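Below: the structure, in structure tokens.
Please treat every number below as a calculation from the coordinates, not as lab data. What you see is a predicted model; the values in this text were computed from it and never measured. When we count neighbours, we look across all protein chains shown, and the Cβ atoms used for this are built from the backbone with ideal geometry, even at glycine.
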Amino acid sequence: METENQTPILETAGQPVVKFFGVGNAGIALLGQLATPEFAAAQTIAINTDAAAFATSGATVKIHLENKLLRGLGSGGDPERGRALADEQFSTLKSACEGANVIFILAGLGGGAGSGISPVLAKAAREAGALVLAFVTLPFDCEGNRREAQAQTALEQLKAAADGVICLPGQKVFKLIDENTSLVDTFNFSGGFLVEGVRGVWQLLTRPGLIQVHFSDLCTLLRDRHAENVFAFVEAAGAGRSREVVDKILAHPLLDEGRALADSDAVLVSLLAGKDLTMAEVNRVMEQVKRQCSHAQIIMGAAVDAELKGKLCVTVIAAKQNLAAAANFPTRVETRTGTPNATSQRDVVIARPARARRSGAKAVQTQLPLTIVSKGRFDKSEPTLHHGEDLDVPTFLRRGVPLN
Amino acid sequence: MFDDSNIVVGLEIGTSKICVVVGEQNAEGALNIIGLGQSRSRGVRKGEICNPEQVEEDLRVAIFEAEQMADVEIRSVYLGVSGGHVRGFNNRGTHVVVSAEREITSDDVDDVIKNAKAINLPAENTVIHAVRQHFFVDGQDGVTNPVGMLGARLEVDMHVIHGHANRLQNAIRLVRGTQLEVDEIVFNGIAASLAMLTPEQKEMGALVIDIGGGTTEYVVYSDGAIRHTGVLAVGGDHVSNDLAYGLKVQLSRAEKLKIDHGSALVTDETKGQSISITNELGLELKRINTEHLQRIMSLRLEEIFRLIAQELEQAGLADYLRAGVFLCGGGSRVPGLVKLAENVFQMNVTPGHAGAVNGLTNTLDQPEFCAAIGLAKYGALKSRKRAKQRIVHNFLFTTGIKNAFDRLLKR
């Protein structure tokens, strides 16, 4: 994780060494979706507690976490078991991570393996000196409260352990598909979203750039931010492609129709197009993105890929600090005293500068019922608040003007 | 409906009254007010509908009255909207002119306006008006129509007024329910300033404050364009409510006291004076201290002005109002209000009447009808524009000239 560690590797290889980890059944399925020629150069590693899932996986390395207690039945949907196993074999995980600059963790949170192992793996990967990016899916609402709760806990642990977490709530995908979509298609669809994100970051790091996004840029965006990230990958072709791309970004469901950009404090934009990419197009896209997030630090990159004739692909990653999560996280770590990493995780959390979140979310003003002031006919109506003052209350009362 | 009729109707569903103004356009397009109907509004709070059935009933009364007076059948209206959810802000859009000879075309203008409209609204909000202020060509200020000019960079300042889509929709649906069509929705503040301000006053810079029953709208014009708009969900109802609370009388009694004895300033001669409240038999129930009454009113009204003044100060507009402040709405009838406004704003204050509309009889030229008259005028301006367009592009009209509200109206 220190730059001294990274430099020799970077120098020899010319570009960062990337490893993909698929954790749990869902993670391995995502790895399967990633298996396109583009990613042939990268090493893929599958990790699971259940040996059965390995059979279909084409991963280069398969790590089977197992002990006698499980009797080959997997973690049984219990993240604690997954975590215990991973802690037990921490050194195995760490050695699997050795030598990589960037590690992508793909997992579906909510179950036993994904939720339990991913945070430990992220920890191991960071200790091995890599930048860790986790791409995870959260369960659908219909999968029940328990899985939801497990997924949330795991997500918070993962946020503390990894450099960046990009999560895709299943429920968000639900809104994007129509009613007749089959179950298989839905999972492929949500997996496809994540894979698009992975591809965007991958392209960013590996393609020769006209305006290069340095590896360190990505680090600054994500490292120690423990950010809540959103990403979007859009592409368009034809004459008005730059305009179309901007429209698509602003309408992208994962960016909350562009509102996520306004809330974020760091945004990475990477453009990829054929040789016909013009400066005016780059300018038009950046202009619009810049307008959406005037407060944010913007990192941009542009790269040319001869194969993309007439197409323009844009990847947007927006990161924001989540103060709410930061505030309540330390206590949760403290309760989990069994893990050897607890203290160092907490240090990271506390070291983060306490910065106010951008005023994207609506603050709801509540009133303490200390003095009961009748608002007469406005009692039941929506209060008229102006800079925190309830204008429905008679002015002379608020000013304290005496009437004798 | 506009093809065969020269009747334009403005409808304002206010907190205290529903007002329908019928205007007739002559061949030259000038507007003549020929009818007015009004009724008490009982289903509206703070400018927003809270009891649709009641409003519908009141609305029918007002429409009937207006139809009787004007002797026409009303088929469609320009509907005024307001409420605390309505907000305005300025936004700038930029566009790089890409054509080889750098001549700005109307496509470029469409693009830059589109860019200026691309804003982060909350999902539930919708744009009511998007008014262009000025274009900038390569930083050159004050261009009103850049088509045909040469330049590399085109920018435009827009004033965008937006509101909560569902609440706006509620009003539209309600009017539709009475078998009337809604031509367009118009922000009440803009309608009032249309009725009151002449083009010269807009050029010089003016602030229009419409003090209604439940809301106070304000609009700032300068250099002929809208600079700032806003709504405070505070109005005459609040004054009555304060009085009812402070003087410990019923709300209806407070309302009457406000109208009969109200004042925006505490005057010296009322010191120690009192008003007696009597019951229906003429027996005295209570004595009210006039000074208290005026103090309560004065504090509330002054607060409204101060809030507006503060906002203009923040927007940096306070020094651009050379034509001064214009007051309208039922609230502006309070004696002494002009003096109070002068004290707060430190500039010339004119009590409102619809000065920008011709041929108004005295009975119609009242401050509380300004917004509704303005709505009719807005309609007249729109339909004149349409008529013009019809001659030039006849096919455009048949396919329907789209405006910002079509999407909203069609839902």
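Would you mind ranking A:126, A:146, B:167, B:92 so that the residue whose beta carbon has the fewest other beta carbons within 10 Å leads the list? Provide the component values of the computation, followed by the final result.
Values: A:126 22, A:146 11, B:167 18, B:92 15.
By the 10 Å Cβ count, ascending: A:146, B:92, B:167, A:126.
From the largest down, chain B spans 86, 46, 41 angstrom on the principal axes of its Cα atoms.
At a Förster distance of 60 Å, what's the computed FRET efficiency of residue A:146 paired with residue A:306, Cβ-Cβ distance as r, to 0.05?
0.75
Rounded to the nearest 500, the helix-only mean residue ellipticity at 222 nm of chain B stands at -11500 deg cm²/dmol, with each DSSP H run of n ≥ 4 adding -39,500 (n - 2.57).
With the convex hull of the Cα atoms taken as the outline of segment B:55-111, the averaged projected area works out to 8.1 nm². Rounded to the nearest 0.05, what FRET efficiency do residue B:72 and residue B:131 give with R0 = 35 Å and r taken as the Cβ-Cβ distance? Could you check? For residue B:72 and residue B:131, the calculated efficiency is 0.70. Taking the fewest neighbouring Cβ atoms within 10 Å as the starting point, the ordered list for B:275, A:45 is B:275, A:45.
Assuming a viscosity of 1.306 mPa s and a temperature of 10 °C, what translational diffusion coefficient in µm² per second does Stokes-Einstein assign to segment B:199-351, Rh being the Kirkwood radius over Cα pairs? Before the final figure, lay out the partial values.
Numbers: Rh = 16.3 Å.
Here the translational diffusion coefficient equals 97 µm²/s.
Just so you know, the Cα atoms of segment A:71-134 work out to an Rg and Dmax of 11.6, 35 Å. Sites listed here are GluC sites (Glu not before Pro) in segment B:251-294 whose DSSP assignment is loop and whose Cβ has at most 13 other Cβ atoms within 10 Å: B:280. How tilted is helix B:290-315 with respect to the longest principal axis of chain B? Cα atoms for both, answer in degrees (0 to 90, nearest 10). It works out to around 20 degrees. Averaging the Cα positions of each part gives two centres, and for segment B:40-107 and segment B:157-203 these lie 2 Å apart. In the elastic network of chain B, a GNM with C-alpha springs shorter than 10 Å, the most mobile of B:38, B:314, B:54 is B:314. Given their separation in residues at 0.36 nm each and the Cα-Cα distance between them, residue B:223 and residue B:144 gain 27.3 nm when the chain is fully extended. Once the Cα-Cα distance is subtracted from the 0.36 nm per residue extended length, the residue A:185 to residue A:80 segment shows a gain of 34.7 nm. Less than 5 angstrom separates the built amide H of residue A:293 from none of the residues sequence-distant by 5 or more or on a different chain. On the beta carbon distance between residue A:280 and residue B:6, with R0 = 56 Å, the FRET formula returns roughly 0.70. The Cα atoms of segment B:2-152 cover 61, 42, 23 Å along the three principal axes, with the biggest extent listed first. Extension gain, residue B:92 to residue B:279: 0.36 nm times the residue separation minus the Cα-Cα distance gives 61.3 nm. The distance between label points at residue B:252 and residue B:176 comes to 3.7 nm (points 7 Å beyond Cα on the Cα→Cβ vector).
As a length-normalised measure over Cα pairs under 8 Å and 6 or more apart, the relative contact order of segment B:67-226 settles at 28 percent. Across peptide B:292-299, the mean count of Cβ atoms from other chains lying within 10 Å of each residue's own Cβ comes to 4. Across chain B, C-alpha contacts under 8 Å between residues 6 or more apart give a mean separation that, scaled by the residue count, equals a relative contact order of 18 percent.
Overall dimensions of segment B:104-210, expressed as equivalent-ellipsoid semi-axes from the Cα gyration tensor (√(5λ), whole Å, largest first), are 31, 20, 12.
If you restrict to DSSP beta bridges whose two residues both lie in segment B:199-351, what percentage is antiparallel, to the nearest 5? Mind showing how you got there, number by number?
Numbers: 18 of 26 bridges.
Within segment B:199-351, antiparallel bridges account for around 70 percent of the total.
Neighbour counts of C-beta atoms inside 10 Å place B:370, B:50 in the sequence B:50, B:370, starting with the fewest.
Treat segment B:5-45 as a sphere of radius equal to its Kirkwood radius over Cα pairs and apply Stokes-Einstein at 37 °C in a medium of 0.692 mPa s; give the translational diffusion coefficient in µm²/s, rounded to a whole number. Reported coefficient: 295 µm²/s.
Calculate log10 I(q)/I(0) of segment A:230-316 for q = 0.14, 0.18, 0.22 Å⁻¹, where I(q) comes from the Debye formula with a single equal point scatterer on each Cα and nothing for solvent. Log10 of I(q)/I(0), two decimals: -0.42, -0.69, -1.01.
Distance between the modelled labels on residue B:358 and residue B:105, one decimal in nanometres: 4.1 nm (7 Å Cα→Cβ projection). Once C-alpha pairs closer than 8 Å and six or more residues apart are averaged by separation and normalised to the residue number of segment A:229-320, the relative contact order reads 47 percent. Taking only the Cα atoms of segment B:87-162, how large is their convex hull per residue, in Å³? So the per-residue hull volume is 79 Å³.
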